[in-house]
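What follows is one structure encoded as structure tokens, with my remarks underneath.
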Amino acid sequence: MLEEAWVLELATRIARGERAVLVTMARASGSTPRESGATMLVAENDLCGTIGGGHLEFAAVGIARDALRQPGAPAPWLARFPLAARLGQCCGGVATLAFSIVGPGDHAWVTQAARHIREGVALQLVTRIGAGGDSHAVEANPDAVTGDAVLAESSDGATLLVHTTVPCDFNVLVFGNGHVGRALAQVLGALPARVRWIDARDADFPAHIAGNVEIVPTDVPEAELRTAPAGAFVIVTTHDHALDLALIETALARNDWRYLGLIGSTSKRNQFAKRLLARGFTPAQIERITCPIGRLQGISIRSKAPGAIAVAAAAEMLALHESRGRFDFPAASPPLVKVRS
């Protein structure tokens with residue numbers, strides 16, 4: 001699931017005239033189930049997203065639903081949870097949660113936020129805590145850390161929750177609708193990735209897939225490689241070695257992939273390497289191919305079951321995606337906020 005999915009879900013609910021509560025990890029100190037910025041959307045009968053599950057999330061959902069049942073809407077508020085002392089959790093850290101009821105009256109900023117997400121624009125959601133509290137969405141610095149939340153202070157002394165969400169840059173192209181391709185689509189559907197699942201066999205795709213997976217039936221899969229975003233993760237798992245080779249050749253014509261994986265054995269890799277060398281590709285280019293998949297980043301799964309291969313390959317890509325490091329949250333332009341130390 002994409003981390004920004006709650007924004008689009010909120011827009012859908014507001015368009016239907018419904019209310020929900022945004023619950024955000026405003027500050028995470030010590031060991032907590034999720035990081036600062038983790039957000040879930042709580043409605044009367046269901047929810048979207050998670051702040052880590054367990055007793056903390058159970059308590060937060062109860063508080064949010066109690067607020068929804070009250071007449072009117074309280075101003076956004078903060079609640080501090082010492083996890084060991086208050087909830088008996090082993091984490092031992094302190095979680096400060098922000099609660100904000102959002103309804104049809106918030107249609108303008110919710111629509112703007114959803115538009116930012118759909119257009120791939122970084123979103124900064126600023127919520128004023130306490131009396132007179134409200135929220136608004138503005139365009140943010142795209143180098144901000146995805147999902148981080150900062151408790152800040154406005155020029156008039158009010159407490160603000162500044163929550164930045166950068167649209168997903170974990171783009172994955174999965175080629176192949178066989179057993180491993182299907183398992184990969186399931187595993188990647190639970191990760192914060194945008195997945196394009198590509199195959200010519202349109203009728204073989206399942207009827208139900210995760211919301212972050214897009215089915216692409218096409219007879220010219222190589223075209224997907226030519227138009228994919230830079231830094232994408234590509235994994236080739238088709239039923240046809242000739243097609244595998246054609247896709248790898250097309251991929252190697254570009255030099256901006258984050259990952260290029262090919263299903264198969266070491267023998268298959270060696271055969272492909274010989275053919276690619278004969279076609280003019282350099283050893284350095286060929287070295288970029290990960291084959292067998294699921295063996296990097298210290299992963300030692302040896303099972304050949306489709307689900308095991310999918311889990312290992314997804315873990316490999318996720319570890320590589322997260323290895324880029326983190327960026328410092330940019331300070332907001334004065335006099336809007338001053339970040340508390």
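Just so it is clear, none of the values below were taken in a lab; they were calculated from the coordinates. From a predicted model like this one, the values you see are computed outputs, not experimental measurements. Heads up, the Cβs are rebuilt from the backbone with ideal geometry, glycines too, and the neighbour counts pull from every protein chain shown.
Against the main long axis of the alpha-carbon atoms of the chain, helix 179-188 sits at an angle near 20°. Here region 1-62 and region 204-249 have alpha carbon centers that stand 32 Å from each other. Taking the 0 to 90 degree range and rounding to the nearest ten, how far is the long axis of helix 107-118 tilted relative to the main principal axis of the chain, both from C-alpha atoms? Helix 107-118 sits at roughly 20 degrees to that axis.
With a Förster radius of 35 Å applied to the C-beta separation of R65 and A203, the computed FRET efficiency comes to 0.25.
For region 171-322, the relative contact order comes to 23 percent (Cα pairs under 8 Å, sequence separation of at least 6).
Helix 266-278 and the longest principal axis of the Cα set of the chain meet at an angle near 70°.
Each other residue within a Cβ distance under 10 Å of E214 adds +1 if Lys or Arg and -1 if Asp or Glu, for a net charge of +2. Here Rg and Dmax of the Cα atoms in Å was computed from the coordinates, and among (i) 20.5, 63; (ii) 23.6, 97; (iii) 22.8, 74 the match is (iii). Normalised radius of gyration for region 5-167, please: alpha carbon Rg relative to 2.2 N^0.38 Å, two decimal places. For region 5-167, the normalised Cα radius of gyration comes out at 0.98.
When both bridge partners sit in the chain, DSSP labels roughly 65% of those beta bridges antiparallel. Mean separation of Cα pairs under 8 Å and 6 or more residues apart, divided by the residue count, gives the chain a relative contact order of 14 percent. In order along region 148-164, phi translates into HN-Hα couplings of 5, 10, 10, 7, 9, 10, 7, 5, 9, x, 6, 7, 10, 9, 9, 10, 10 Hz, rounded to whole numbers, per the Karplus curve 6.51 cos²θ - 1.76 cosθ + 1.60 with θ = phi - 60° and x for Gly and Pro.
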